[in-house]
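Undergrad: Have a look at this one before I ask anything.
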Amino acid sequence: MDFLRPASWEEALAAKAEHPTAVPIAGGTDIMVEINFDHRRPEYLLDLNRIELLREWEVGEENVRLGASVPYTQIMEQLRAELPGLALASHTVASPQIRNRGGVGGNLGTASPAGDAHPALLAAGAEVEVESVRGNRFIPIDEFYTGVKRNALQPDELIKTVHIKKADGPQQYSKVGTRNAMVIAVCAFGLALHPETRTVRTGIGSAAPTPIRAKEAEEFLNAALEEGGFWDNGKIITPSIAKQFADLCSAAANPIDDVRGTAKYRRHAVGIMARRQLGWTWEQYRGADRTLEGAA
């Protein structure tokens, strides 16, 4: 196994173009496990740790530009207001040591359905900026996952930046695991309210071959909230709406039985998380709405 260690982004792109099979490594929290257990033996490792560009982030007027290697710890500590769903997901990642090393780019590159960041990225509506010596392009998060541990990257492309819309409403994230830390998700769920567009987005992890959204559930809830005037009147969402939303989220899951949990349990847990998060986020929205009314 050869170790490539470029000193700049341009050198990294050139190395990836010359060695398309090279596996990028930054935090190394996924690939090193596979190597240590002899599940994978790549011909080349492409070390990106010297690339400062990948550890930079910037808060813009509408979006956050998040470098692929920005550590989860930094997201938790400095981007909680702008990216609350992703900050909550970051809290659930492994251990403090791994949160200090790992970043969202690693989750995206590995594209495991159990990656902790995926539900939050789906719910927030992110775009992944990738680049090669041929140029750069933006991949909507909904188009990024193409199969089990497969993504839309071309062999010569590297993940550069993730562009995530700043939260314009409450966001939540939950993860079910067999213990409280250092655990792969049995299943996970993310929810984001977008009051500006009067829409809701979801994200489901570790309950389908790829990270997915519960689109039918979103469509139902969007229609129910609009028809009932909930965005304007701030009323409590009725139990029947919450139950139907939860049931549709459960139905969207397509899980398997494995050592961490059964398919039946995963579907059930996704519905529970969806119902609870809808309650939590809506209460936050109602509270914020009343605060604004009081200030006026």
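Undergrad: From the residues 190, 14, 265, which one has its Cα farthest along the dipole of the chain in the positive direction, the dipole being from +1 and -1 charges on Cβ of Lys/Arg and Asp/Glu about the Cα centre?
TA: Of the options given, the answer is 265.
Undergrad: On average, how much accessible surface per residue is there in the chain, in Å², for a 1.4 Å probe, leaving out ligands, DNA and RNA? Could you put the intermediate results ahead of the total?
TA: On the way: 14000 Å² over 296 residues.
Per-residue accessible area for the chain comes out at 47 Å².
Undergrad: Please list the non-local residues whose amide H lies under 5 Å from the amide H of residue 25, H modeled 1.01 Å from N, same-chain partners needing a gap of 5 or more.
TA: The list, which skips near neighbours in sequence, is 46, 47, 48.
Undergrad: Going from the alpha-carbon gyration tensor of region 8-112, what semi-axes, largest first and in whole Å, does one get by taking the root of 5 times each eigenvalue? Provide the component values of the computation, followed by the final result.
TA: Values: eigenvalues 128, 65, 20 Å².
One finds semi-axes of 25, 18, 10 Å for region 8-112.
Undergrad: Specify the longest stretch of the chain that does not include any exposed loop site, a site being one of the trypsin sites (Lys or Arg not before Pro) with a non-H, G, I, E, B DSSP assignment and at most 14 other Cβ atoms within 10 Å. Don't jump to the answer; show the numbers that get you there.
TA: Details: sites that count: 40, 50, 134, 179, 198, 235.
In short, 51-133.
Undergrad: If one takes the longest principal axis of the Cα atoms in the chain, at what angle in degrees, from 0 to 90 and to the nearest 10, does the Cα axis of helix 9-18 lie?
TA: 70 degrees
Undergrad: Follow-up question, since we're still on this one. Cα centroid distance between region 113-142 and region 30-83, in Å?
TA: Centre-to-centre (Cα) distance: 12 Å.
Undergrad: Within region 54-154, which GluC sites (Glu not before Pro) sit in a loop by DSSP and count at most 12 neighbouring Cβ atoms inside 10 Å?
TA: Passing sites in region 54-154 are 61, 62.
Undergrad: Rounded if a/c is under 1.5, else prolate if a/b beats b/c, else oblate: with a ≥ b ≥ c from the C-alpha gyration tensor eigenvalues square-rooted, which is region 46-185? All intermediate terms of the calculation are to be shown ahead of the outcome.
TA: Working: a/c = 1.39, a/b = 1.23, b/c = 1.13.
In terms of gyration-tensor shape, rounded.
Undergrad: Applying the Karplus parametrisation 6.51 cos²θ - 1.76 cosθ + 1.60 with θ = phi - 60° to the phi angles of region 157-165, what ³J(HN,Hα) value in whole Hz is obtained for each residue in order, glycine and proline being reported as x?
TA: 9, 10, 6, 9, 8, 10, 9, 10, 5
Undergrad: Taking the dipole about the Cα centre of the chain, with the C-beta of Lys and Arg at +1 and of Asp and Glu at -1, give me whichever of 158, 3, 85 is farthest to the positive side.
TA: Farthest towards the positive end: 85.
Undergrad: Amide H of residue 63: which non-local residues (sequence gap of 5 or more, or other chain) have their own amide H closer than 5 Å, using H built in the peptide plane?
TA: So residue 63 has HN proximity to 166.
Undergrad: Can you give the charge dipole size of the chain about its Cα centre, rounded to the nearest 20 debye, using +1 on the beta carbon of Lys and Arg and -1 on the beta carbon of Asp and Glu?
TA: On the way: 33 positive and 38 negative charges, 216 e Å.
The calculated dipole for the chain is roughly 1040 debye.
Undergrad: What dipole magnitude, in Debye to the nearest 20, does region 4-143 give about its Cα centre under +1 on Lys/Arg Cβ and -1 on Asp/Glu Cβ?
TA: Values: 12 positive and 21 negative charges, 82 e Å.
The dipole of region 4-143 has a size of about 400 debye.
Undergrad: Also: Please give every one of the lysines within straight-line cross-link reach of residue 235, meaning a C-alpha to C-alpha distance under 23 Å, and leave out same-chain neighbours fewer than 8 residues apart.
TA: Here the lysines satisfying the reach criterion relative to residue 235 are 243.
Undergrad: Shape verdict for region 122-189, please, from the Cα gyration tensor: rounded (a/c under 1.5), prolate (a/b greater than b/c) or oblate. Don't skip to the answer; put the middle values down first.
TA: Working: a/c = 2.71, a/b = 1.54, b/c = 1.76.
Taking the square roots of the gyration eigenvalues as a ≥ b ≥ c, region 122-189 is oblate.
Undergrad: Using only the Cα atoms of region 171-295, build the gyration tensor, take square roots of its eigenvalues as a ≥ b ≥ c, and label the shape rounded, prolate or oblate: rounded if a/c is under 1.5, else prolate if a/b is larger than b/c, else oblate. Write out the running numbers ahead of the final one.
TA: Working: a/c = 2.60, a/b = 1.86, b/c = 1.40.
It is prolate, given that a/c is not under 1.5 and a/b is the larger ratio.
Undergrad: Return a whole-number percent for the relative contact order of region 25-150, with Cα pairs under 8 Å and 6 or more residues apart as the contact set.
TA: Details: 160 pairs, mean separation 26.6, N = 126.
Relative contact order for region 25-150 comes out at 21 percent.
Undergrad: Just for the chain, what percent of DSSP beta bridges are antiparallel, to the closest 5?
TA: Working: 38 of 44 bridges.
About 85 percent, rounded to the nearest 5.
Undergrad: Could you tell me which of 279, 234, 180 has its Cα farthest along the dipole of region 171-295 towards the positive end, charges placed at Cβ (Lys, Arg +1; Asp, Glu -1), taken about the Cα centre?
TA: It is 180.
Undergrad: With viscosity set to 1.002 mPa s and temperature to 20 °C, compute the Stokes-Einstein D of the chain, Rh being the Kirkwood radius across alpha carbon pairs; µm²/s, no decimals.
TA: Numbers: Rh = 19.7 Å.
The Stokes-Einstein estimate is 109 µm²/s.
Undergrad: Which ³J(HN,Hα) values, rounded to whole Hz and listed in residue order, are derived for region 275-283 from phi using the Karplus coefficients 6.51, -1.76 and 1.60 in 6.51 cos²θ - 1.76 cosθ + 1.60 with θ = phi - 60°, glycine and proline given as x?
TA: Karplus-based 3J(HN,Hα) across region 275-283 equals 5, 5, 5, 4, x, 5, 5, 5, 5 Hz.
Undergrad: Would you mind telling me the share, in percent, of accessible area of the chain contributed by carbon and sulfur at probe 1.4 angstrom?
TA: Details: 7050 of 14000 Å².
The C+S portion of the solvent-accessible surface of the chain is 50 percent.
Undergrad: Using the Cα centre as the reference, give the magnitude of the dipole from point charges on the C-beta atoms of region 71-221 (Lys, Arg: +1; Asp, Glu: -1; all else neutral), rounded to the nearest 20 debye. Spell out each step's value before the answer.
TA: Values: 16 positive and 15 negative charges, 80 e Å.
Dipole of region 71-221, to the nearest 20 debye: 380 debye.
The values are calculated or read from the model by the stated rules, or taken from the named source; none is laboratory data. Note that this is a predicted model, so its numbers are computed, not measured. With ideal geometry, Cβ positions are generated from the backbone for all residues, glycine too; neighbour counts draw on all protein chains shown. Only protein heavy atoms, including side chains, enter the accessible area calculation; ligands, DNA and RNA are left aside. Shrake-Rupley method; radii C 1.70, N 1.55, O 1.52, S 1.80 Å.
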